[in-house]
1. Please list 76-83, 532-539 highest first by mean number of surrounding beta-carbon atoms within 10 Å per residue.
2. How do the peptides 247-253, 66-72 rank, highest first, by the average count of neighbouring beta carbon atoms within 10 Å per residue?
3. Just order 431-439, 494-502 by mean Cβ neighbour count inside 10 Å, highest at the front, would you?
4. Here are some pairs, LYS39/LYS246; LYS54/LYS270; LYS160/LYS270; LYS11/LYS270; LYS158/LYS270; LYS158/LYS218; which of them have Cα atoms lying more than 30 Å apart in this structure?
5. Could you tell me the calculated FRET efficiency between ALA51 and ILE319, based on Cβ-Cβ distance and R0 = 25 angstrom, to the nearest 0.05?
6. Once a ≥ b ≥ c are taken as the square roots of the eigenvalues of the Cα gyration tensor of the stretch 451-586, is the result rounded (a/c under 1.5), prolate (a/b larger than b/c) or oblate (a/b not larger than b/c)?
7. Could you give the alpha-carbon Rg of the stretch 137-237 over 2.2 N^0.38 Å, rounded to two decimals?
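Quick note: the coordinates plus some simple rules give every number you see, no bench work behind them. Quick caveat: nothing in here was measured; it's all calculated off a predicted structure. Methodologically, a virtual Cβ is constructed for each residue, glycine included, from the backbone with ideal geometry; neighbour enumeration extends over all protein chains shown.
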Amino acid sequence: IEWASLYENLKINMDIYNRNILRPDEKPLLASSPSDYKKNIFQVASISKQAGSKVLWYYLESRQVAVVLITLLCYCCAAWIVFIRRQYRKSLRAYVKTEDIRLNYLASHPLLASLLISFNFAPFFFPHPPVIFVEIVWTLLGLVVTVLFLSDPRITVKAKTLWIIFFILFRLVALDNLLLYKSYEERWLMLVLNSCFITIDIIAYRINKRTPIFTLKKAVALIILSITLHSASIICNLAGLFNLSKTLTIAATFSGFTVIVLRLFLDAAKEALTFQLAFMRRNFSDENVFTRLYKIVRRLLIFFAVVTWIVVFLSALNIFDRVQESVVTFLKRPIGVGESSFTIWNILLFIFVIWAAVMLSNLVSLITEIRTKQDKKYFNLRNAKLFLKIAIITTGVLLAFVTTRIPIDRIAIILGALSVGIGFGLQNLVSNLIAGVMISLEHPVRIGDTIEVGGHIGVIKEIGIRSIHVRTDNGSDVIIPNGDLLSQHVVNWTLSGNQRRIELLVPVKSGVDFDKAKEIIKTVLRDHENIMKKPSPEVILNNFSKSRDGGFDTIDIDCYFWCEDQRDAARVRSRVLEDIHRHLEGIYPENVNMKKNNPGTGE
C-alpha cells in the first residue's frame, strides 16, 4: 500500500514536472544568490544519498530473479569468450591471421568484453529502474569502456585522455542527476560542465578527423547534436529554466556516452561472431552460408543499437513515455472504410508477422544447407525442410490474422469471389505446390539424388515449394517445376543406392584367339580397383560383325561391371577402356606393325 501510494505521487510529480518544464522555475542565474535556496549542495547530497540507498535496496530485493538472470548471462558470455580465446591460442591463430580477423578486445580482456555485451541487455531484465540503479550500471559500463580504450593500440593518447576527462565529467552529471533538491552551487556547476562539454566536442571532432573512430557524417551529426543541447542548456540555466537545463544536459551526456558504449558493444559482438563463424568454417565447407548468417546477425545488432540509442535519448529528455503514448494512439486510431474499420497498427503488425515468418523460413533453408568437409549435410533434414517451410509460413499467416483480429470470414468471402480468377490464372502455380507436397510425402526424389528428367541430368540441390534446383555436370543450375516430376518420366540414378552399372562394347578382330581375349578382359575387370567385386563383372558375347565379303570381321563382347559411386562412372569407364586397350595390344602384333609401317592409314 505504501509503495502504491508513493508510485502514484511520483507519477503526479512527473506530470507536473513535464507540464511546467518550459516555464521558469528559478530566478535567472546572474540575479540569484545562495540565500534563495534552503540547502546547499552538500546538504542536498546527504539527503539524496539516504533516499537513493533505500530505493536501490528495495528495487534489488524486488528484482532478485532479474539479478540471477543477468548474472547467468554474464557467466555464459564469459564462458563463450573464454572458449573463443582458448581456441584462438590453441589452433586458430594462424587461420585467423590468414582471414584477416582481429581480436582487439576478446583476446586481451575476455571478462570485460563479456560484461560489455551483457550489460547492454540489462534494460530488458530491469524495467523502470530508479535513477540510482541506472547510474550504477552506467558507471560500471564506463569503467569497462575505459579499460578497453586504454588497452586499444588503435586509439591515440589524445583520444584516450579526452575520454577520461569526458567520463569524469559525465559522472559528475550523473551525481548531479541524483540530487533531489536544487541549490545555488549546482546551477553554477551545471554551467561549468556545459562549457567543458562543448570544448570536449570541438576537440573530439578534430581527433576523429585525424584518426576516425566514427565516420565523418556520424561524427558531425553527433557533435552538432551535443553542442546544440549543451548550448541550449546554458541559455535555459541563465534564463531561470533550470529543470529544462538539467534535462538537456543529461540528454546530451547520456546520448554521447551511449554512442561510445554501443560502438564498442558492436565491435566486441562482431569480433565474437566473426571468430565463431571462422571456427565453424574450419569444420564446414560452405562459406557462403556463414557469410549470409553473419550479415543477418550484424544487421540485427545494428538495429538493436539504433533502437537502444533512440530509447535512451528520449528517456533522458523525459519524453519517451509521451512519444510512445502518442505513437501508439496514432497507430491504434480506427480508420473506417465503408462498413469496415482497421488501424495502422493492425496493418503493420500483419506485415511484420508475415515478414518474420518468411525470414524464419529462409533461415531454416539456410541452416539446412550447411555441409561438412566431407560434403555431407550437417542437419540431415532432407525433404522435411519443405514441410518446415510450409508449416512456418502457414503458421505465420494464421498468427497474423489472429494477432491483428482480422475476421477470417470476411477474408473467406473475398477469397471465394476471387477463387475463379485465381484458379485460372494460378493453376500452374497451384499444381506445382500440390506436386511439391506429393513429392515430400512419396519421396520419389531426395536432396542429393542424381536424376534425369526432360533431357537434363544433375544432382538435386534443393526441393522448394514450387520447383527443384538441379546442378548439372557442366556447372549450370536447372530449375524444374515440381509438376514436371509427376507428369514426366524421371530417372533417379541414386534412389536405392549410389552404385551404377557400366556397359562397355569391346570389338575383337576375327582371327584372334577369342578365349584369350575374353580371359584378358575378365582379368582386367576382376583386378581393377574401381570395380566392385559384388556384383561380379560379366563378359558376354554379343554379336558377329560381318565384313564386305560376307565373312566375319569382328566379334563384339559386352562387358558389365559396377562402380560404387555413380558420379565417378565416366572416370571409371575411361580407365577400364585404357587398361583393356593396353592389355589387348599384345595379341594384335600385325596391327601394331601395320600402324608403324603405315601411320597415315588410320587403321
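1. 76-83, 532-539
2. 247-253, 66-72
3. 431-439, 494-502
4. Listed pairs above 30 Å: LYS54/LYS270; LYS11/LYS270.
5. 0.50
6. Numbers: a/c = 3.15, a/b = 2.15, b/c = 1.47.
The shape class here is prolate.
7. 1.16
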